[in-house]
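Novice: Starting off with a structure, shown below.
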Amino acid sequence: MGHGPTNASLTGLYHTVAYGDWIEEFAQEFEIPLTKLPPIIHCLEQVGRVTKEIASATGIRAGTPVLMGSNDTSSAALGAGVLESGQILNISGSGELLAICLEKPIPDEKYYLRTHPLQNRWLAFDLTTGGFAFEWFHSQFCRELDEEASTGILKRFSARARTPGVRFQPHLAGDRTSLIQKKASFTGLTLSTSRDDCLHAVSEAILGRTRKMLDRMAKRIELDRVICLTGGRVNQRLLDYKKRRLPGFEIAVKEDCALYGCASMARRAFTKGSA
């Protein structure tokens, strides 16, 4: 079995910029023999067929071709139709991720550069805590409230503008773009600070990462004005909030993007002449 480029580009040992192969110098530095690394197989390449045992366990017909495929984020990008330079995907789930398609690689220490499932395309993306941050906030600040009362806080927060007196650094799970282990923190707290103010700070910090990424990439490429939004945390309240806080962009909700991405890879792989 091999390794697809989208997963290989997560390892730090793969030549992501060249959409190439394992980097021998890096492997040697970490004393990893190249013979221990699986061959790179393109995402749309067939790697086998469903066996009778797997068919019995899953209900998938035996003999069905199996592709190498890709990881969830890159598959979601393809499923959302993010496959041309400047097109944007926003995944709101346990994490908050913004991915922007590139027609040429643009490395930067402030974001991740990964390969797209389609050859000679790349994804620049930023990732921070999303749903995990709100779960943490509820467990520490709202533990006495039931779900309905907790939702009421979010509704009050979403319904009116607030002053940005309290700020939050959203590094509850660290920051993978930093060699220094960052930690989360609140600043600007006073005796008049309310729970709503802290929730506002958490939300603004998460969305702030998205705005910074959009601003950074807008200086380098022309961005599409539509952001495809998907993920388990998407609801009308979040949609309204993003529309209000990201002026100049249309927010288009798309469901099951990763699944559609897998289907798109299958269609492209087995449709003669497809790109």
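Novice: Take the residues of region 72-112 that are charged (D, E, K, R) and outside any strand (DSSP E or B): which is farthest from Arg176 (Cα to Cα)?
Specialist: Selected residue: Glu84.
Novice: Kindly provide the set of residues from region 236-270 that are acidic (Asp, Glu) and touching a helix residue (DSSP H, G or I) at 6+ places or on another chain (Cβ under 9 Å), ordered by number.
Specialist: Once the filter is applied, which keeps residues that are acidic (Asp, Glu) and touching a helix residue (DSSP H, G or I) at 6+ places or on another chain (Cβ under 9 Å), region 236-270 yields Asp240, Glu250, Asp256.
Novice: For region 48-71, name all the residues that are in contact with a strand residue (DSSP E or B) (Cβ under 9 Å, 6 or more places away or on another chain) and of a type outside the set (Val, Ile, Thr).
Specialist: Gly48, Arg49, Ala62, Gly63, Pro65, Leu67, Met68, Gly69, Ser70, Asn71, listed by residue number.
Novice: Give region 206-237 a look and list any residue that's within 17 Å of the chain's Cα centre (by Cα), more than 22 Å from Ser75 (Cβ to Cβ) and open to solvent by less than 60 Å² (accessible area, probe 1.4 Å), or say none.
Specialist: Passing the criteria: Ile206, Leu207, Gly208, Arg209, Leu214.
Novice: Shifting gears a bit: Among the residues of region 252-275, what is the count of those that are more than 19 Å from Val47 (Cβ to Cβ), assigned to a helix (DSSP H, G or I) and either at pLDDT below 95 or open to solvent by 40 Å² or more (accessible area, probe 1.4 Å) (or both)?
Specialist: Looking only at that region, the number is 2.
Novice: Would you check if Ser94 is farther than 28 Å from Ala18 by Cβ and of a type in the set (Ser, Thr, Tyr)?
Specialist: The answer is yes for Ser94.
Novice: Taking the criterion of being modelled with pLDDT of 90 or more, assigned to a helix (DSSP H, G or I), touching a Phe, Trp or Tyr at 6+ places or on another chain (Cβ under 6 Å) and closer than 16 Å to Thr129 by Cβ, would at least one residue in region 183-194 satisfy it?
Specialist: no
Novice: All but one of (1) assigned to a loop (DSSP other than H, G, I, E, B); (2) open to solvent by 70 Å² or more (accessible area, probe 1.4 Å) hold for Gly69; which doesn't?
Specialist: Going through the list (1) assigned to a loop (DSSP other than H, G, I, E, B); (2) open to solvent by 70 Å² or more (accessible area, probe 1.4 Å), Gly69 breaks only (2).
Novice: Another question about this same structure. Of the numbered conditions (1) in a loop (DSSP other than H, G, I, E, B); (2) at pLDDT 95 or above, Val234 satisfies every one except a single condition; which is it?
Specialist: With respect to (1) in a loop (DSSP other than H, G, I, E, B); (2) at pLDDT 95 or above, Val234 is out only on (2).
Novice: Looking at region 16-57, which of its residues are among the hydroxyl-bearing types (Ser, Thr, Tyr) and part of a helix (DSSP H, G or I)?
Specialist: Thr35, Ser56
Novice: Only one of (1) at pLDDT 95 or above; (2) assigned to a helix (DSSP H, G or I); (3) among the hydrophobic types (A, V, I, L, M, F, W, C); (4) in contact with a Gly (Cβ under 7 Å, 6 or more places away or on another chain) is not met by Ile221, so which one is it?
Specialist: Result: Ile221 fails condition (2) only.
Novice: Have a look at Ser203, Ser185, Ser194 and point out the one that is out of contact with any strand residue (DSSP E or B) (no Cβ under 8 Å at 6 or more places or on another chain), surrounded by fewer than 17 Cβ atoms within 10 Å (Cβ to Cβ), within 30 Å of Arg143 (Cα to Cα) and not β-branched (Val, Ile, Thr).
Specialist: Values: Ser203 fails: surrounded by fewer than 17 Cβ atoms within 10 Å (Cβ to Cβ); Ser185 fails: out of contact with any strand residue (DSSP E or B) (no Cβ under 8 Å at 6 or more places or on another chain).
Going through Ser203, Ser185, Ser194 in turn, just one is out of contact with any strand residue (DSSP E or B) (no Cβ under 8 Å at 6 or more places or on another chain), surrounded by fewer than 17 Cβ atoms within 10 Å (Cβ to Cβ), within 30 Å of Arg143 (Cα to Cα) and not β-branched (Val, Ile, Thr): Ser194.
Novice: If we scan region 128-144, do we find a residue that is part of a loop (DSSP other than H, G, I, E, B), of a type in the set (Phe, Trp, Tyr) and over 21 Å from Ile40 (Cα atoms)?
Specialist: no
The values are calculated or read from the model by the stated rules, or taken from the named source; none is laboratory data. Everything numeric in this text was worked out from a predicted model, so none of it was measured. As a convention, Cβ positions derive from the backbone with ideal geometry for all residues, glycine included, and neighbour counts pool all protein chains shown. Areas reflect the complete protein model, heavy atoms only, side chains present, ligands, DNA and RNA absent. Shrake-Rupley method; radii C 1.70, N 1.55, O 1.52, S 1.80 Å.
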